[in-house]
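Undergrad: For reference, the structure I am asking about is given below.
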Amino acid sequence: MKPRILVAREVFPEVLEHLRPHFEVDDNQADVILGVDGLKRRLADKAGVMTAVSDPVNAEVIAAAPHLKAVCNFAVGYNNIDLAACTRAGIMATNTPGVLDDTTADLAWALLMATARHIQTSEHWLRAGHWKGFRMMDWLGTDVHHATLGILGMGRIGQAVARRALGFDMRVIYHNRSRLPAEKEAACRATWVDKETLLREADFLVLLLPYSPASHHIIGAAELALMKPTAHLINVARGGIVDDAALISALRQRRLSGAALDVFEGEPALNPGFLELDNVTLTPHIGSSSRATRLAMAMTAANNLIAALSGQRPPNLVNTEVWK
Ligand code: GLV
């Protein structure tokens, strides 16, 4: 008998075809959000699960899944998974690093350009019929070329964002717990600075660090107060890294020129304050959402699951201590 697995969200049909020779697959092509109760119910008889960032694999879910051996997230971030609870239960957890770096870096740039040049707000204004003709003083934006790009969190995606700055002749500064080796800094033309310098000097600050208790509200009122009033904040990492209420207050008072956000605290719920502002661009967590990349992510998660349940070490094991 093949092991039973759950694919917790809708995926491309070819991913299910890839899994079916190996497993009895319980899919969710209707894409119902299962939540804690749904996951507990559907995982009671499963050996493995493919999850998305919207699936809370917490201690309660794990306790209700006595046969579970592997949780394979189709995301690079895995803050939806209680890793310690997985490890205690001997369950392997995996993610999908690498395959989404360029696509996510592209979206960071799309948002950067959008907030710099009022793309969203001016389009909405045009569509609403307000445009009466060319005016010298309409929609004055911020130059991207020759500006200072600041990156907080300089992993693979941060470096991909930095490399793209070369074509805009930007100065690139970054802050990360550990400094990059000299050759990587040279490839990105990026200079390490302390966090306060990053906040004070960036014209565009892009956040690219994982969410954890240590990064919760790492950008709050005090940090926003250090930024230039002409600066823009771009978050394509995770909600909760930014204190959304503090950001709304800074944007409302024009203590910050603009922001562009793909992720939110408590998403998909949105702080309603964002909707009243004309200096924020909002997208619904689409950082990795190109067809090719979402397919590559799902296939990576599927291959992790196949390896994990056939006694091999999954290529993207996160809690390596469970591997004996
Ligand atoms: C998406 O948010 C991811 O972590 O891959």
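The values are calculated or read from the model by the stated rules, or taken from the named source; none is laboratory data. This one's a predicted model, so the numbers in the text were calculated from it and none came from an experiment. Neighbour counts run over all protein chains shown; Cβ positions are idealised from the backbone, glycine included.
Undergrad: Could you check how many residues of region 52-61 are hydrophobic (A, V, I, L, M, F, W, C) and touching an Asp or Glu at 6+ places or on another chain (Cβ under 7 Å)? Don't jump to the end; show me each part of the working.
TA: Going residue by residue through region 52-61, those that are hydrophobic (A, V, I, L, M, F, W, C) are 52-53, 57, 59, 61.
Filter once more, keeping what is touching an Asp or Glu at 6+ places or on another chain (Cβ under 7 Å): 57, 59.
Result for region 52-61: 2.
Undergrad: Identify, by number, the condition in (1) among the aliphatic types (A, V, I, L, M); (2) touching a residue at least 60 places away in the same chain (Cβ under 8 Å); (3) farther than 26 Å from residue 211 by Cβ that residue 16 doesn't meet.
TA: Every listed condition holds for residue 16 apart from (2).
Undergrad: While we're here: Only one of (1) at pLDDT below 95; (2) buried (at least 18 other Cβ atoms within 10 Å of the Cβ); (3) not aliphatic (A, V, I, L, M) is not met by residue 153, so which one is it?
TA: Of the numbered conditions (1) at pLDDT below 95; (2) buried (at least 18 other Cβ atoms within 10 Å of the Cβ); (3) not aliphatic (A, V, I, L, M), the odd one out for residue 153 is (1).
Undergrad: Based on this model, can you work out whether residue 199 counts as touching a strand residue (DSSP E or B) at 6+ places or on another chain (Cβ under 9 Å), aliphatic (A, V, I, L, M) and farther than 22 Å from residue 107 by Cβ?
TA: On the way: touching a strand residue (DSSP E or B) at 6+ places or on another chain (Cβ under 9 Å): yes; aliphatic (A, V, I, L, M): yes; farther than 22 Å from residue 107 by Cβ: yes.
Yes.
Undergrad: What are the pairs with Cβ atoms under 8 angstrom where one residue, in region 120-134, is in the same structural domain as residue 277 (by TED's automatic domain parsing) and the other, located anywhere, is part of a helix (DSSP H, G or I) and among the small types (Gly, Ala, Ser)? Sequence gap at least six, or different chains.
TA: 120/114
Undergrad: Somewhere in region 187-200, is a residue crowded, with 20+ Cβ neighbours inside 10 Å, among the hydroxyl-bearing types (Ser, Thr, Tyr) and at pLDDT 95 or above? Give the derivation first.
TA: Within region 187-200, the subset crowded, with 20+ Cβ neighbours inside 10 Å is 188, 190, 198-199.
Applying the additional criterion that residues be among the hydroxyl-bearing types (Ser, Thr, Tyr) yields none.
No: region 187-200 contains no residue that is crowded, with 20+ Cβ neighbours inside 10 Å, among the hydroxyl-bearing types (Ser, Thr, Tyr) and at pLDDT 95 or above.
Undergrad: Cβ-Cβ under 8 Å, sequence separation 6+ or interchain: first residue in region 62-87 and touching a residue at least 12 places away in the same chain (Cβ under 8 Å) and within 16 Å of the ligand (Cβ to nearest atom), partner in a helix (DSSP H, G or I) and among the hydroxyl-bearing types (Ser, Thr, Tyr). Which pairs?
TA: 74/300
Undergrad: Please specify each residue of region 88-115 satisfying the condition of being more than 10 Å from the ligand (Cβ to nearest atom), surrounded by fewer than 22 Cβ atoms within 10 Å (Cβ to Cβ) and outside any helix (DSSP H, G or I).
TA: Within region 88-115, 89, 90, 98 qualify.
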